[in-house]
């Protein structure tokens, strides 16, 4: 199995990404905790782009999609129909998995031993270990049926536990995409050090993410770590003309309604903006466990006329809100490198966000957007006020942000890089 990555040439037969593959292209599996999912559309884009470049990608998901068919795009529907869902196959899938596992007794016994020692012989953890082993055996059977030898997993969290057991109980190779920060907050509980050790290679979405896995591993493992940023298809986003005289100044925030995203800080900032005489609206796109608490906070601050909750929206609807927005605000306390920031920047919307984790790798403060100190409401208010008062600055940051995404966070370019990593690592196994 070979794959050649070459420069553009008129004499070569290239696909749309400028990458030439032979007929024995790479076949591999992707495991996702929930697929398709509103909050992980970047995985779907990555899978589709890899397929367009010549890879044969087969998807498995632990859980079924987070929406009904009527709320999905055509791409999501196609993915759902082609995806193998572990929990959907239930008891019979588990029985088949163990039955076929017995055909490889050495690996099977190794997996059983690891299941019993998974939590240090703790009974509760042993039960979890047996569940993970069962899902790994189901996944192994699916991979054998589809002639797959490698499995890739986004996030080193729950789904990666299954991959850990797959590696312990089968001959398959695995790789992880490390996002952060969730994986780093409870590294022992996530068994992150062990996952790093058994993975054949890791893809880090930022240099910050790579630094964290380097901190958790000895230098003799660092050669396994690759940096490959996520990206967006710049052609899907366009800079809108926001010069309608009667339109209300709009601050947009897109993301799960969770404490980590800092929407409560943003609502407090909006109360201060309102008290200072600013006229605007805040649009919060997304759903999550903080929804009720955030609605109550809006009520306490008497912001019902200024704040709109949209709930979850599909990609076309989110893109429409980028076109209607003057500023994108994401005052997060914890992040990897948010794709929604890339989307807003690609739409020419100036961004205000926090100088944490991998975000400064995406946004250069004062050039591609404005960075603030996390949890500092006053600084957030002052920064938003500056943008509200300075249209020229908004245009400048918006244009620079779009250029930054086009240059460094372009989906097609970064999938070329991802394909090169897969090719190099898998063909050299």
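The values are calculated or read from the model by the stated rules, or taken from the named source; none is laboratory data. Every value quoted in this text rests on a predicted model; they were computed, and no experiment measured them. All Cβ positions, glycine included, derive from the backbone under ideal geometry; neighbour counts span all protein chains shown.
Side notes on the structure shown:
- Unmet requirement for residue 145, which otherwise passes all of (1) in contact with a helix residue (DSSP H, G or I) (Cβ under 9 Å, 6 or more places away or on another chain); (2) closer than 21 Å to residue 59 by Cα: (1)
- Candidate set from the stretch 248-260 (those that are in a loop (DSSP other than H, G, I, E, B) and in contact (Cβ under 8 Å) with a residue 60 or more places away in the chain); member that is farthest from the chain's Cα centre (by Cα): 249
- Test: residue in the stretch 68-76 that is surrounded by fewer than 15 Cβ atoms within 10 Å (Cβ to Cβ) and either touching a helix residue (DSSP H, G or I) at 6+ places or on another chain (Cβ under 7 Å) or over 24 Å from residue 35 (Cβ atoms) (or both): yes
- Verdict on residue 18 being at pLDDT below 95 and assigned to a helix (DSSP H, G or I): no
- Inter-residue pairs, beta-carbon under 9 Å, first at positive phi and in the stretch 143-160, second surrounded by fewer than 18 Cβ atoms within 10 Å (Cβ to Cβ) and part of a helix (DSSP H, G or I), 6+ apart: 155/182
- The stretch 175-201 - residue that is buried (at least 22 other Cβ atoms within 10 Å of the Cβ) and not in a helix (DSSP H, G or I) and, of those, farthest from the chain's Cα centre (by Cα): 199
- Checking residue 225 against (1) more than 20 Å from residue 359 (Cα to Cα); (2) without any contact (Cβ under 8 Å) to a residue 60 or more places away in the chain; (3) surrounded by 15 or more Cβ atoms within 10 Å (Cβ to Cβ), the condition it does not meet: (1)
- Lone qualifier among 122, 146 - being touching a strand residue (DSSP E or B) at 6+ places or on another chain (Cβ under 8 Å), in the same structural domain as residue 201 (by TED's automatic domain parsing) and surrounded by fewer than 20 Cβ atoms within 10 Å (Cβ to Cβ): 146
- When residue 367 is tested against (1) modelled with pLDDT of 95 or more; (2) surrounded by fewer than 18 Cβ atoms within 10 Å (Cβ to Cβ); (3) in a helix (DSSP H, G or I), just one condition goes unmet, and that condition is (3).
- Residue satisfying all of: in the stretch 156-171; part of a loop (DSSP other than H, G, I, E, B) and surrounded by fewer than 21 Cβ atoms within 10 Å (Cβ to Cβ); farthest from the chain's Cα centre (by Cα) among these: 171
- Here the condition is being outside the structural domain of residue 337 (by TED's automatic domain parsing), within 27 Å of residue 93 (Cα to Cα) and without any contact (Cβ under 8 Å) to a residue 12 or more places away in the chain; of 70, 75, 81, it holds for 81 alone.
- When residue 402 is tested against (1) in the same structural domain as residue 273 (by TED's automatic domain parsing); (2) farther than 27 Å from residue 73 by Cβ; (3) part of a helix (DSSP H, G or I), just one condition goes unmet, and that condition is (2).
- Condition check for residue 274: assigned by TED's automatic domain parsing to the domain that holds residue 386 and assigned to a helix (DSSP H, G or I): yes
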